[in-house]
Each structure stands twice: as structure tokens, then as C-alpha cells.
Amino acid sequence: MAQRMSLYKQWLQRVDSVLGISPGNAAISPKAFCWFVFLAALLLRLAFLFVFHVYPGVPIEHLDDPEARHFARSLIERGDFTNPYVPDAHLPSAHRAPLHPVILAGAYALLGDMKAGFHFLVYFFLILASALGCVLIYLAVRRRLDERIARVASILLVLYPGSVYYSCNSIGDPGFVAVALCGVILTAIYLADKATLCSAVCFGVVTGLAALLNPNTLSVACGLSLSAVFANKDRSKLRRQSGLVMLAWLIATVIVMPWLVRNRLAFDEWVFIRCNFGMEFLAAHRSEGNYHIFAEAFPLNEPAEADRLRKLGEVGYSKDCFLRAREWIKESPLRFARLTAIRFVYFWADQVYTGDLKFLTPILIGSFHAMGFCGIVLALRRRERALVFLIPILLYPCIYYITHVQARYRFPIDTFLLVFAAYFLVELVDCFSRRLKTCSSIDVELHSR
């Protein structure tokens, strides 16, 4: 028994020397660990790209994100975004946030007809973003919690199947949104802790860029801003903290403003970053499905809706769809509540499709999620500083609960669920270490007798 306990202890010490799971026992410096995590994530995803995935040499018309495909093509050919559901009408569009289609259009314009090269370039951008996200989450958790949880969280993100998949098999925006949210969290933590002009500028810049990727990130940024202001124990610094937060939002507004001006010129009225909520909202409740939107619910496959879109224009059609959806909810409030509850469940239960690994993926991701929710319970009971990582988990999915859900919508916040999974694992190891010490002391006492 004593020999077995000694072997367990030696194994834990070897793991500690790399990950630093036990306090003060890390052999790798934080800077070296950042490089280790970045290179490990980069090499793993490149290996997955070349070994398990044959990236297609297909035209831009057959990419896996049809809306981004359309916007990239229209930007290249017409110099502006046009509506993807009535492509023949060439209606100006704000159906999607602009930054992701601009990235795709830039890659395609750079490589032209080198179709395999285009895919590799986009995937390489996503892989770099994914590797950078592993470093950013390490820095954020290290700043807010401790070194042990930060190292385990970054290692989990390196190995997480969803992170690998969305950086190597999909040119959609979830990979970019995930790293943008990590940047928003990190800069918000520095703004709350240091309250310097530099931290406010960084938070504003990152928030503005994240909004141009997906405006839903603004809900997270708002929650983090309130947390940065009101979580400060020193009330004498409240005015300075509030001023810095307002400055950060002013900078974010300046970054977003060119797109808002473009929308004003295109639609003759002020339109926020995206104007597709009404259409998505109506389609979610016109569909006979339980939580996904069927393709038939969109104007692309309904001639009557397409004619209505041509007549009203994109902004007018979105407003009309919102009014019709609101009337439907008034007539069927119980069905709306039931669909919302179902979407909530499926948002957290839906899994990514990973080809030949589709039977293993639910087990792996389900295990990560189970540990994450257990970690949330432990963190809320013991550490209020962990609340900052709960904000995106609570706020980011709200819009999807009332529209429609897919695994790719959940991926950007899976990163923060992994933080709580790391918290749970560290607590588990600490508990196991305490039991080992107790057993060892009992063995020593028995042998002394």
C-alpha cells in the first residue's frame, strides 16, 4: 500500500513540474509556457489539417458558410455587400457583420483561382487565431485566478475537439469570434485591475473589432464593463473607473462607426451592425421544427417571402418580420415558451460533427461540459473572482435561445466553460493530494508502532 501511494505521489510530482498544479511547483516559467501552449496548439491543428482532413480545392461557391461565401463574392465583384436571399436584386445588405466576409474576400483576392491555397490560407488564419486564444485564456485566468488553473485551462483548450474542428474544418466565424471574446475578457480584466489609460484603449479596440465580427459580443462587453465598474471595492476610484469605461466604449464606437455610416448611406436610415434579427426571429417560429430553422423558412426558398423582400428592402423586410413574429408570440405564448426551453437544452447538448470521430465527440465534449458545470458550482461557492468568466456563459447565448441553435454558436463560449472544468480538475487533484498525505501519515504512524 505504501509503495503504491509513493508511485502515485511521484506521478503527481511529474505532472506538477510541467503544469504547476501544486502551488510553487512549476518548472516552466509563464513566458515559456505561453510559447509551449501556442506551439502545441499550432502543431496539433496543422497535423489535424494535413493528416485527418483533405481540404477541398473547390471554388468559392461551394464553401461551407453560404452567407459568408455570398458576401465575399459580392464584395469582390461589386465592392459592397448584397443580400444573399435575392442575389438577382443586388439589394444592399447588413445581414452579416462585415469583418469575417472581408477576411475571406481578402484571402480570395490574394490567391485568386488557387482554390486549395485559398482554403489553406483561411484555415491557417483560423489555426493562428485558435493558438492565440489558448495563450489569451492562459493570461486571463492567470490574472484573475491562479497559475495552476490557468495552465490546466489552456491545455484543455489546446486539446478540446471543438477548438480543433472549427480551426481546421470550417471557414465560418466561430473561430475568430472565440479568440475575440478571449481578448475582450483579458482586456476587461486588466481594465478592472489596473484602471489605466492603456487598458481602456485596449478594451475599446478589442470590443470594437469583436463587434464587427459578431455584434452579440457586445452583450458580453457590457456585462464586463459593469463588472469592472461596480466590482471595485475602492469607491474613491469609482469615478475614474467609470470614465475609463466610457472612454473604452467611445473608442469602440469610433471603430464601428464607418460600418454604421455605410449602412446609413445604403439604407437612408441608421442601421446597427446587423439587421437580420427580425427575419431570424420570424423564421424560428414559422418553422415546424423544434429548435433548428429549416431552410424553407428563408426567402431563398419561399417565392412569396422573396417577393416581399424585394418590395420592402432588407431593413423594411426585417421590421415586417419582427412585427409578424411578435403577433405570433401573442397568439401562441405557450408554444414560444416551449420552443425557447427546448432551444436552451439543445444549445448546450448539440455537438459538433467531426466526421469519423462523430461517435467519440459527444463523449469528449460531454465530459468537458460536465466538469465545467461542476466547476461553476465550486467556483461560485468559493471565489467571486471567477464570476468574470461566467458572464459570457450567461449573456452570449441569450439571443440564440429565442431564434435557433447550432453547435457552432456555442463554441465561442465553450472556452470559458473549460476554465471552470480546469477549476474542477485542480480542486480534484488538491483533494486527492490531501488524501495521499493523510494515507501516508497513517502508514508512517502504523509502521512506527
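The values are calculated or read from the model by the stated rules, or taken from the named source; none is laboratory data. These numbers were taken from a predicted model, which means no experiment stands behind them. Note: ideal-geometry Cβ built from the backbone for every residue, glycine included; neighbour counts use all protein chains shown.
All conditions in (1) under 23 Å from GLY204 (Cα atoms); (2) out of contact with any His (no Cβ under 9 Å at 6 or more places or on another chain) hold for ASP173, with the sole exception of (2). Restricting SER199, SER219, SER242, SER227 to residues that are touching a Ser or Thr at 6+ places or on another chain (Cβ under 9 Å) and of a type in the set (Ser, Thr, Tyr) narrows the list to SER199. Against the definition (of a type in the set (Gly, Ala, Ser), touching a Leu at 6+ places or on another chain (Cβ under 9 Å) and either over 20 Å from ILE185 (Cβ atoms) or at pLDDT below 85 (or both)), how does ALA370 come out, yes or no? No; evaluated as a whole, the condition is false for this residue. Among the residues of segment 171-192, how many are outside any helix (DSSP H, G or I) and of a type in the set (A, V, I, L, M, F, W, C)? Final tally of qualifying residues: 1. Checking each residue in segment 329-343 for being of a type in the set (Ser, Thr, Tyr) and in a helix (DSSP H, G or I) picks out only THR340.
Go through (1) among the polar types (S, T, N, Q); (2) over 13 Å from ARG45 (Cα atoms); (3) at pLDDT 90 or above for THR196 and report which single condition fails. Only one criterion in (1) among the polar types (S, T, N, Q); (2) over 13 Å from ARG45 (Cα atoms); (3) at pLDDT 90 or above is unmet by THR196, namely (3). Scanning segment 149-169 for residues that are buried (at least 23 other Cβ atoms within 10 Å of the Cβ), of a type in the set (S, T, N, Q) and either in contact with a Phe, Trp or Tyr (Cβ under 7 Å, 6 or more places away or on another chain) or farther than 24 Å from LEU224 by Cβ (or both) gives SER154, SER167.
Can you tell me which residue in segment 98-148 is surrounded by the most Cβ atoms within 10 Å (Cβ to Cβ), limited to those that are among the aromatic types (Phe, Trp, Tyr) and modelled with pLDDT of 80 or more? Checking each candidate, the answer is TYR138.
Considering segment 227-238, the residues that are under 14 Å from LYS194 (Cβ atoms) and at pLDDT below 70 include one that is surrounded by the most Cβ atoms within 10 Å (Cβ to Cβ), namely ASN232.
Filtering segment 190-220 to residues that are within 17 Å of the chain's Cα centre (by Cα) and closer than 16 Å to ALA386 by Cα leaves only VAL220.
Residues considered: LEU247, LEU224. Of these, the only one that is of a type in the set (A, V, I, L, M), in a helix (DSSP H, G or I), modelled with pLDDT of 85 or more and more than 30 Å from THR340 (Cα to Cα) is LEU247.
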